[in-house]
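J.: Just dropping this structure here.
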Amino acid sequence: MLKNYFKIAFRNLWRHRVFSFINILGLTVGMTAGFLIFLYVRFELSYDSFHSNTDRIYRVVSDIKTPTEVIKAAGPNGCSLVSIKLSTQNLPKTIASIENKWNALIPARPFSYYFLDEFFDKQFRSEERLGKLFLNFSVLAIIISCLGLLGLASYSTMQRTREIGIRKVLGASVPNIVNLLSRDFLKLVAIAILIASPIAWYAMHGWLLDFAYRIGIGWWIFVIAGIMAVLIAIATVSYQAMKAAIANPVKSLRVE
Amino acid sequence: MIRINDLEKIYKTEEVETIALNKLSFQVNDGEFVAVMGPSGCGKSTLLNILGLLDDPDSGSFLFNGIEVAHFNERKRADLRKRNIGFVFQSFNLIDELTVFENVELPLIYLGVKSDERKKRVEEMLDKMQIMHRRNHYPQQLSGGQQQRVAVARAVVNKPKLILADEPTGNLDSSNGNEVMELLTDLNEQGTTIIMVTHSEHDARYSHRIIRMLDGQTVTENILA
């Protein structure tokens with residue numbers, strides 16, 4: 001019995017092989033993206049977790065002028081992080097002097113340091129990495145959506161074969177039919193754009209708030225993204241629509 | 001109106017070759033009502049598809065109003081079809097998602113008729129077919145006879161010169177069937193040429209002439225009127 005079920009299932013897959021191929025491909029890309037996202041999130045969560053007291057790292061800003069005062073303020077039981085504004089002239093000497101003071105005042109804690117500009121640089125490098133990651137996942141998301149749209153288009157065309165045949169018999173031209181089929185999908189894309197734009201704006205706005213100097217989010221960004229989405233959808237759907245429109249109506253009406 | 005000569009149509013699959021039309025020739029004059037009869041598989045529907053410009057013949061000539069149309073391209077065929085030919089099918093072939101009014105309106109949309117004019121013509125036609133009270137209903141809500149009347153209304157709303165009917169009473173009971181045949185006869189009396197494929201001798205008697213086919217060829221022709 002089970003063998004029979006599999007045989008019939010495979011036969012059906014083979015009969016609608018284009019449709020099956022698109023679906024399987026979509027599922028594969030979707031699952032791959034899912035795994036990648038899972039691995040990425042796991043990696044990000046594990047990042048920096050080797051500091052045993054991660055939650056006790058503080059940054060202290062104060063207007064104390066001399067290194068001695070700063071280190072005193074940090075104190076043996078105070079914070080472990082101190083920010084100091086330095087003159088860049090003779091930097092190694094200044095650092096060595098700070099280290100001496102630190103070791104004299106808080107011998108129990110080892111002295112280590114970094115420069116804020118290097119720290120910012122590192123932070124932007126992570127933003128850059130985030131940007132690259134977003135780009136990759138966006139491309140993946142677009143591919144998955146296109147495959148979904150293609151699957152939906154081929155399914156809907158299959159469902160509407162008889163209607164397309166009737167319309168052709170009544171005098172519909174190939175552009176009429178392509179227009180009819182594409183219009184439905186463009187409605188979906190338009191709805192998607194309407195939902196996505198405010199969410200994208202909100203997320204972008206939130207992200208940009210992290211930066212001291214930031215760009216504005218112009219309305220034209222959403223217009224360009226929308227036009228691109230429409231063009232990609234047209235390119236995806238048009239093949240199925242053309243195929244259906246060119247097909248001989250006699251065949252589609254005979255199926256009945 | 002129609003003259004076909006040595007029309008041939010062969011269906012090929014990987015192993016089998018079926019001759020649907022075998023050097024078929026005949027002529028149909030303006031205003032005639034012709035019934036085409038024959039057993040299943042004799043090529044009646046293939047003939048109707050070719051006459052309706054839905055399918056291409058493999059060879060032979062097909063003159064429609066004196067113009068050779070056998071190898072017209074898709075665009076020209078669609079254009080000629082929507083201006084000159086109306087179809088009535090056995091299974092009605094109404095679009096389920098559209099109302100009665102919208103179904104009948106469809107050929108006029110493809111002809112590019114303006115909205116006001118469309119409304120006027122569709123309402124006139126629905127009135128004539130006595131289905132005006134059903135204008136906002138969907139095909140599933142109608143009886144078989146009513147659905148076929150909608151289909152006939154749709155076929156004639158653009159005032160075609162030729163109506164091709166493929167077993168128009170095949171899915172109807174006898175009283176609804178007779179009604180549809182009366183409708184076709186009326187249309188014919190108003191000047192529309194009708195070619196009807198049928199299995200029913202009773203329906204065929206409404207026509208002027210019966211062409212009997214066998215294995216893709218004409219066997220006999222009976223003139224009734």
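The values are calculated or read from the model by the stated rules, or taken from the named source; none is laboratory data. Bear in mind that the values here come from a model prediction, so they are computed numbers and not experimental data. Positions of Cβ are generated from backbone atoms using ideal geometry, with glycine treated the same way; all protein chains shown enter the neighbour counts. Side chains included, ligands, DNA and RNA excluded: accessible areas come from the protein's heavy atoms. Shrake-Rupley method; radii C 1.70, N 1.55, O 1.52, S 1.80 Å.
J.: Consider A:LYS132 carefully, then state whether it is under 12 Å from the mean Cα position of the chain (by Cα) and either of a type in the set (Lys, Arg) or over 30 Å from A:SER182 (Cβ atoms) (or both).
T.: Yes.
J.: What strands (runs of 3 or more DSSP E) lie completely within the stretch B:110-217 and have 1 or more residues being open to solvent by 20 Å² or more (accessible area, probe 1.4 Å)?
T.: B:162-166, B:209-214
J.: Okay, next question. Just give me the residues in the stretch A:117-129 being at pLDDT 80 or above and surrounded by 11 or more Cβ atoms within 10 Å (Cβ to Cβ), in sequence order.
T.: Within the stretch A:117-129, none qualify.
J.: For B:LYS23, all conditions in the list (1) part of a strand (DSSP E or B); (2) at positive phi; (3) within 14 Å of chain A (Cβ to nearest Cβ) hold save one; what is the number of the exception?
T.: (3)
The rows are residues; the columns are (1) at pLDDT below 65; (2) surrounded by fewer than 13 Cβ atoms within 10 Å (Cβ to Cβ); (3) within 30 Å of A:SER145 (Cα to Cα).
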position: A:THR32; (1), (2), (3): no, yes, yes
position: A:TYR47; (1), (2), (3): yes, yes, no
position: A:SER52; (1), (2), (3): no, yes, no
position: A:ILE57; (1), (2), (3): yes, yes, no
position: A:LEU91; (1), (2), (3): no, yes, no
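J.: Let me confirm something: among B:LEU184, B:LEU214, B:LEU224, which residue is modelled with pLDDT of 90 or more and farther than 17 Å from B:PRO39 by Cα?
T.: From the options B:LEU184, B:LEU214, B:LEU224, the qualifying one is B:LEU184.
J.: Working only within the stretch B:40-96, note down all residues that are assigned to a strand (DSSP E or B) and either more than 13 Å from every other protein chain (Cβ to nearest Cβ) or loosely packed, with under 15 Cβ neighbours inside 10 Å (or both).
T.: Listed by number, the residues that qualify are B:SER59, B:GLY60, B:SER61, B:PHE62, B:LEU63, B:PHE64, B:ILE67, B:GLU68.
J.: Have a look at A:SER156, A:SER138 and point out the one that is in contact (Cβ under 8 Å) with a residue 24 or more places away in the chain and assigned to a helix (DSSP H, G or I).
T.: A:SER156
J.: Could you go through the stretch A:178-197 and let me know if any residue there is modelled with pLDDT under 85 and aromatic (Phe, Trp, Tyr).
T.: yes
J.: Quick check on A:LEU208: is it within 26 Å of B:PRO139 (Cα to Cα) and assigned by TED's automatic domain parsing to the domain that holds A:LEU27?
T.: Spelling it out, it is not the case that A:LEU208 is within 26 Å of B:PRO139 (Cα to Cα) and assigned by TED's automatic domain parsing to the domain that holds A:LEU27.
J.: Looking at the stretch A:234-254 only, could you name the residues that are at pLDDT 85 or above, facing another protein chain (nearest Cβ under 9 Å) and open to solvent by 70 Å² or more (accessible area, probe 1.4 Å)?
T.: Passing the criteria: only A:ILE246.
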